[in-house]
Amino acid sequence: MNPGGRDRLLFGHPRGLAVIGATEFWDRISFQSMQALLVLYMVEQLLLPGHVEHVAGFHGFRAAIEAVTGRLSTQALASQIFGVYAALVYLTPVFGGFLGDRFLGRIRAISLGALLMTAGHFCMAFDRSFLLALLLLISGAGLFRGNLAPQIGEMYAPEDRRRTVAFQVYGAVVNLGAFIAPLVSGALAQTWGWHAGFAFAGFGMLVGLIVYRAGRRDLPDDSPRERNEARAPLNAPERGIVLLLLLLVPICSLFWIAQSQVWNTYNLWVRDHVALRFGSWTMPVPWLQSVDGLAPLVFIPVVVLFWRWQAKREAEPADFAKMAIGCILFGISTFWLGCAQFVYGSGRAPLLWAIAFHIGSNIGWIYFQPTALALYSRLAPRAVNATMIGCYTLSVSIGSIVSGRLGGLYETVSPFQFWSVHAALCASGGLALLVIANLARSHLQAAQTVVPANSAA
């Protein structure tokens, strides 16, 4: 019987996995639609005269941002707003998980989060409620994401080998949603206007909530829990590992600066420098974002098989080396975007140029992101395992904030210079990882004996 008393099976797994997967699919429709549309929407409509004056509270909001950054152009302001939005979407699940764990329970927290996100998308239909929409979306994402994925682990005993397959299924659903969302929302926005694209995400989130509530009987038993059990203090080697993992946060953020810019200003670069017109039809800009949903589904099995081939020859890279390779591959792919300026001059690069970037950058992502999560889960002492994984998500938030600030350079430097800066930051993160792995070798060796049980976390 599964933890929580839900033992109905579907293809050998708890039925709750299908409920959570279907719910997460619509969450990804929500987030990826915002990711694909938000910067373009702000630059091409919301922040222009005739619209921006009607946004409630925007004067004070802009003043607060520019008190930190200095005066920003419309494009730079849009990039910074997106950076803040993305950073908070990745940061708030830490607090949302705490609220679900201690006070609300998972089901109530997820339901409330979905309602807030639905309301947020519908508020995007009006200029006046734009800032309220962002607040609702961020708050909802914190409650929703901070509690949905943990429910998967709660359906399996720690030693249950099906747990790994369950998270692989969950990851596949995430990528499927990331593939579909830009295609549908981008087409709707181009055909019927921006608000149609946002409305699609809102109705989708509402469908996700209905699916989740309908499948409640198959979810783990749910109640807030007090966690007052005494914890043994960390010993010296464990403290060393925690310090090492904290040191990695700003270094990992160098990868996320480049990745976050793909969610941010990249859409403007595609609009301005990629040939999207085919006869009388123009491909919606957000469609290229869908490649980032499809590529992991295609290339993760290829990369894993390659690692197995290397392992048989005792040549598989260690975790730090894989992360470093990922940073360098992503950096090279980002540099590739800038090189289009030299090859095509003032003309537009073909669509295949951008697709090549997505393929290369996603292979880099596969080397970096899953390995980084596994590294934190494996090395972090059990007493602070979840906390340290939460600290890793800070690197995404830091990267999003910095990429928003760097997005202001798009109007003032050449495309080659713009993307070269991001490529250099990302690649330097890879080099730093190699250096740290060499310097911290003794701590890493100690971790293998101090916290071997964390592989099940």
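The values are calculated or read from the model by the stated rules, or taken from the named source; none is laboratory data. All values reported here derive from a predicted model rather than from experimental measurement. Neighbour counts are summed over all protein chains in view; Cβ atoms, including those assigned to glycine, are modelled from backbone coordinates with ideal geometry.
Within the set of pairs 6+ apart or on separate chains, which have a first residue in the range 17-45 that is assigned by TED's automatic domain parsing to the domain that holds residue 290, a second that is outside any helix (DSSP H, G or I) and among the aliphatic types (A, V, I, L, M), and C-beta atoms under 9 Å apart?
none
Kindly list, by first and then second residue, each pair from a residue in the range 140-159 that is among the hydroxyl-bearing types (Ser, Thr, Tyr) to a residue that is assigned to a helix (DSSP H, G or I), limited to pairs with Cβ atoms under 9 Å and residues at least 6 apart or on different chains.
Correct list of pairs: 156/162; 156/163; 156/166.
Within the range 330-352, does at least one residue satisfy the condition of being touching a Cys at 6+ places or on another chain (Cβ under 8 Å), among the β-branched types (Val, Ile, Thr), assigned to a helix (DSSP H, G or I) and on the phi < 0 side of the Ramachandran plot?
Yes; the residues of the range 330-352 include at least one that is touching a Cys at 6+ places or on another chain (Cβ under 8 Å), among the β-branched types (Val, Ile, Thr), assigned to a helix (DSSP H, G or I) and on the phi < 0 side of the Ramachandran plot.
Would you mind telling me which numbered condition in (1) at pLDDT 90 or above; (2) not in a helix (DSSP H, G or I); (3) not acidic (Asp, Glu) residue 112 fails?
It fails just one condition, (2).
Which residues, counting only those in the range 267-311, are of a type in the set (Phe, Trp, Tyr) and either without any contact (Cβ under 8 Å) to a residue 40 or more places away in the chain or not in a helix (DSSP H, G or I) (or both)?
Answer for the range 267-311, where residues must be of a type in the set (Phe, Trp, Tyr) and either without any contact (Cβ under 8 Å) to a residue 40 or more places away in the chain or not in a helix (DSSP H, G or I) (or both): 278, 281, 306, 307, 309.
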